[in-house]
Amino acid sequence: MPVSPWEINLSPLLSAARIHGQWRDVYKDPVTDPAKISKKGRLDLIRDTHTQQFLTCPLGSSSQPSELLEVFRDGELLREWTLNEVRACSELA
């Protein structure tokens, strides 16, 4: 039986929105469950040079290079991967 992302507490979240050209933080902070507080603002993904673990941090706050790649822009696909390329990348991580 398929498992939905919400059943395992994994779902894509919105953390920032550009409204009339200005970025605004978007987050949830439910009073009934502090474990569900989400990260807010524009975020980046970096790799810690000592532990090699991935870390999420505010965009522009780290001197480490970003691990994120732009795939879509304005509805246009910028980068397409084959299944073999995806598998090769997953083996590197």
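Nothing in this text is a laboratory measurement; each read-out follows from the coordinates by a stated rule. Predicted model, so just to flag it, every value in this text is computed and none were measured. Please note: Cβ atoms are built from the backbone with ideal geometry, for glycine as well, and neighbour counts cover all protein chains shown.
Numbers below:
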| quantity | calculated |
| --- | --- |
| Loop sites in region 31-93: GluC sites (Glu not before Pro), DSSP, at most 10 other Cβ within 10 Å | Glu70, Glu80 |
| Gain on full stretching of the segment that runs from Leu69 to Tyr27 - 0.36 nm per residue minus C-alpha separation | 12.8 nm |
| Proximal charge balance of Val26 [Cβ under 14 Å; K/R count +1, D/E count -1] | +4 |
